[in-house]
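Participant: A single structure is presented below for examination.
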Amino acid sequence: MSQIATVATEPIQGQKPGTSGLRKKTPVFMQRHFLENFVQSIFDAIGGAAGKSFVLGGDGRYFNDRAAQVILRMAAANRARRVIVGRGALLSTPAASHLIRLRRTDGGIILSASHNPGGPDEDFGVKFNTPNGGPAPEAVTEAIHRATEAITEYRIYEAHDVDLSNLGETRLGEMVVEVVDPVADYADLMETLFDFNAIRAMIAGGFRVRFDAMCAVTGPYAVEILENRLGAPSGTVVNRLPLNDFGGLHPDPNPVWAKVLMDEMFGADAPDFGAASDGDGDRNMVVGKGVYVSPSDSLAVIAANAHLAPGYAAGLAGVARSMPTSAAVDAVAAAKGLDCYETPTGWKFFGNLMDAGKVTLCGEESFGTGSDHVREKDGLWAVLMWLNILAARRDSVADVMAGHFRTYGRNYYSRHDFEGLDLAAATAVLDRLRGRMADLPGTVAAGLTVAAADDFAYTDPVDGSVSAGQGLRIVFDGGARAVMRLSGTGTTGATLRLYLERSVPGPDGLDTDPQEALAPVIAAAHELAGIEAHLDRSEPDVIT
Ligand code: VG1
Ligand code: CO
């Protein structure tokens with residue numbers, strides 16, 4: 001007989017959400033009480049689940065299906081009214097954000113560790129999104145963390161698994177479980193924003209697209225939108241079947257992990273347009289025939305051209321970028337008279353700006369772009385925006401980029417990641433540098449003179465909340481910049497991210513290799529932080 005069980009438990013250390021939700025090795029999440037404690041803490045932190053409705057879904061990685069069943073039983077035991085679940089417990093992060101908004105739920109739980117690899121020995125994650133559809137802001141994630149430290153019991157309904165393979169409504173006790181098509185509402189939303197006829201005509205005219213779904217959640221979305229609705233030939237979307245270990249791929253759409261796509265786009269007879277997305281579908285990489293578009297440049301190009309898409313024909317309210325993202329978009333904003341906001345890393349900081357109508361478009365250097373159509377970054381949205389721009393301009397990616405640089409100048413940009421570092425050693429490097437920030441101006445390193453240095457702190461212009469310690473910024477004479485911070489999404493050791501930028505106004509010097517253009521900034525940053533001396537590393541593990 002089904003009944004509600006109240007299970008005694010104890011706090012488990014380390015249930016502190018990072019940049020985007022709680023991420024741990026899958027075996028950690030599968031430990032006794034681990035998932036249950038965290039989910040009960042979410043409910044406790046938001047004043048209980050009774051009478052509320054939620055969206056639930058994930059990127060299909062290993063443990064997604066089991067975790068979804070546990071969360072449904074816990075929602076029922078906590079007397080939630082309704083949970084809307086994507087069929088098979090699948091939902092991309094942007095589709096989940098859209099459903100929360102469309103169905104006006106009290107939030108949603110997304111099962112994903114996003115761009116981190118998945119599988120029994122890889123990563124799993126859980127993220128709570130608030131009723132605006134966006135990632136919980138810091139006040140909420142802190143309340144969840146406090147609840148994990150005080151938890152004494154959780155509630156779970158003892159019942160069989162719910163069949164999530166068929167659309168429609170069932171009941172779990174008093175609670176309604178509504179299984180929905182994960183793709184349909186999202187695809188419909190895209191049709192309202194972009195000129196599907198123009199894109200369809202461009203593709204029918206021979207424009208070739210390649211989309212690499214990296215065996216992650218975007219496959220079914222890309223097949224429905226690009227192949228079924230826009231008429232791209234079958235096979236346009238590769239790695240289209242979501243697999244619970246992503247087929248062993250690292251579902252992070254960048255030139256390193258999406259190398260197969262890069263090789264195709266730079267090879268003979270390359271398609272006109274290539275793109276890839278990450279585990280949960282919120283990231284994107286855009287590549288033209290023989291030309292790579294950096295995420296910071298993509299944001300700038302979209303800011304300059306978004307009016308060509310019907311959903312943005314009235315123009316943008318304003319734009320925002322995370323602090324480490326290049327200032328390429330700032331140049332567009334200045335030229336167009338748009339407000340431009342600079343936020344800490346992580347999409348949760350854009351939510352207030354979008355809710356208040358201050359910005360339409362947001363982006364991060366980490367392959368994240370999006371708008372106020374949802375409250376998450378959105379990989380396929382960015383792909384469709386690009387296709388819409390190319391169809392409207394009847395131009396190639398290479399020509400769009402060259403024209404953009406001629407008009408606005410070019411911000412050479414790169415991120416160097418040093419992975420698998422000892423946490424104490426990496427923290428010490430940043431602490432040491434932080435301690436010197438005030439004295440750095442005037443210092444000469446590798447021939448560059450420091451003009452300004454600080455530890456980025458952000459005051460939210462809407463609610464006044466302050467987030468300090470968001471990254472060390474060093475600006476050199478002439479405007480070149482280095483930023484350093486530790487990753488908040490990894491699950492082992494520490495990752496030091498070094499962000500490098502140098503702007504060139506043009507018309508000369510717009511075609512240099514970015515690593516070459518940035519060489520002096522790289523050298524200066526290494527010298528100031530003492531990367532070789534203290535971390536025993538001279539080369540980064542990943543360069544994007
Ligand atoms: C990284 C990126 C950040 C992004 C976050 C979540 O965080 O740098 O820009 O918002 O991942 O992306 P960190 O703390 O590791 O630098 V996703 O697609 O993994 O949700
Ligand atoms: Co992601």
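Participant: Exactly one condition in (1) more than 16 Å from ligand 2 (Cβ to nearest atom); (2) open to solvent by 10 Å² or more (accessible area, probe 1.4 Å); (3) within 26 Å of E122 (Cβ to Cβ) is not met by K289; state its number.
Facilitator: (3)
Participant: Residues being open to solvent by 50 Å² or more (accessible area, probe 1.4 Å) and either within 16 Å of ligand 2 (Cβ to nearest atom) or within 17 Å of V183 (Cα to Cα) (or both): count how many of those fall in region 264-282.
Facilitator: Going through region 264-282 one residue at a time, the tally reaches 0.
Conditions (1) closer than 23 Å to R87 by Cβ; (2) within 16 Å of ligand 1 (Cβ to nearest atom), marked per residue:
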| position | (1), (2) |
| --- | --- |
| F128 | yes, yes |
| A150 | no, no |
| Y154 | no, no |
| E178 | yes, no |
| F194 | no, no |
| I225 | yes, no |
| L230 | yes, no |
| S234 | yes, no |
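Participant: Give region 229-263 a look and list any residue that's open to solvent by less than 60 Å² (accessible area, probe 1.4 Å), more than 19 Å from the chain's Cα centre (by Cα), touching a residue at least 24 places away in the same chain (Cβ under 8 Å) and closer than 28 Å to G206 by Cα, or say none.
Facilitator: R229, L230, G231, A232, T236, V237, V238, L261, M262
Participant: Find the residue count for region 434-461, including only residues that are open to solvent by 70 Å² or more (accessible area, probe 1.4 Å) and touching a helix residue (DSSP H, G or I) at 6+ places or on another chain (Cβ under 6 Å).
Facilitator: 0
Participant: Restrict the check to region 334-349 and report whether at least one residue is under 20 Å from R406 (Cα atoms) and open to solvent by less than 30 Å² (accessible area, probe 1.4 Å).
Facilitator: No, region 334-349 has no match at all.
Participant: Right, another one. Go through region 457-478 residue by residue and tally those that are of a type in the set (A, V, I, L, M, F, W, C), in contact with a Ser or Thr (Cβ under 9 Å, 6 or more places away or on another chain) and not in a strand (DSSP E or B).
Facilitator: Residues in region 457-478 being of a type in the set (A, V, I, L, M, F, W, C), in contact with a Ser or Thr (Cβ under 9 Å, 6 or more places away or on another chain) and not in a strand (DSSP E or B): 1 in total.
Participant: Filtering region 108-125 down to residues that are crowded, with 24+ Cβ neighbours inside 10 Å and either over 14 Å from the mean Cα position of the chain (by Cα) or of a type in the set (A, V, I, L, M) (or both), which residue is nearest to T489 (Cα to Cα)?
Facilitator: Checking each candidate, the answer is A113.
Participant: Out of all the residues in region 193-201, is one or more open to solvent by 20 Å² or more (accessible area, probe 1.4 Å) and of a type in the set (D, E, K, R)?
Facilitator: yes
Participant: Considering G420, G447, which residue is small (G, A, S) and under 20 Å from L518 (Cα atoms)?
Facilitator: Matching residue, one of G420, G447: G447.
Participant: Related question: Out of the residues in region 90-100 that are within 21 Å of A45 (Cβ to Cβ) and over 13 Å from the mean Cα position of the chain (by Cα), state the one that is farthest from ligand 1 (Cβ to nearest atom).
Facilitator: I100
Participant: Find the strands (runs of 3 or more DSSP E) located wholly in region 1-58 whose residues include 2 or more that are away from ligand 1 (no atom under 16 Å from the Cβ) and among the aliphatic types (A, V, I, L, M), and list them.
Facilitator: In region 1-58, 3-8, 53-58 are the strands (runs of 3 or more DSSP E) which contain 2 or more residues that are away from ligand 1 (no atom under 16 Å from the Cβ) and among the aliphatic types (A, V, I, L, M).
Participant: Residues in region 59-75 that are part of a helix (DSSP H, G or I) and either modelled with pLDDT under 95 or open to solvent by 10 Å² or more (accessible area, probe 1.4 Å) (or both): how many?
Facilitator: 5
Residue by residue, here is whether (1) in the same structural domain as N197 (by TED's automatic domain parsing); (2) within 17 Å of the chain's Cα centre (by Cα); (3) within 19 Å of N411 (Cβ to Cβ); (4) not hydrophobic (A, V, I, L, M, F, W, C) holds:
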| residue | (1), (2), (3), (4) |
| --- | --- |
| V286 | yes, yes, yes, no |
| S294 | yes, yes, yes, yes |
| V301 | yes, no, yes, no |
| N305 | yes, no, yes, yes |
| L308 | yes, no, no, no |
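Participant: Something else now. Of everything in region 137-160, what is part of a loop (DSSP other than H, G, I, E, B) and open to solvent by 80 Å² or more (accessible area, probe 1.4 Å)? Give them in sequence order.
Facilitator: Correct list: T152, H160.
Participant: Tally up the residues in region 477-517 that are within 16 Å of ligand 1 (Cβ to nearest atom) and in contact with a strand residue (DSSP E or B) (Cβ under 6 Å, 6 or more places away or on another chain), please.
Facilitator: Within region 477-517, residues that are within 16 Å of ligand 1 (Cβ to nearest atom) and in contact with a strand residue (DSSP E or B) (Cβ under 6 Å, 6 or more places away or on another chain) number 18.
The values are calculated or read from the model by the stated rules, or taken from the named source; none is laboratory data. Here the structure is a predicted model, which means the values were calculated and not measured. So basically every Cβ, Gly included, is an ideal-geometry build from the backbone, and we count neighbours across all protein chains shown. Each accessible area value is taken on the protein alone, full model and side chains, heavy atoms only, with ligands, DNA and RNA left out. Shrake-Rupley method; radii C 1.70, N 1.55, O 1.52, S 1.80 Å.
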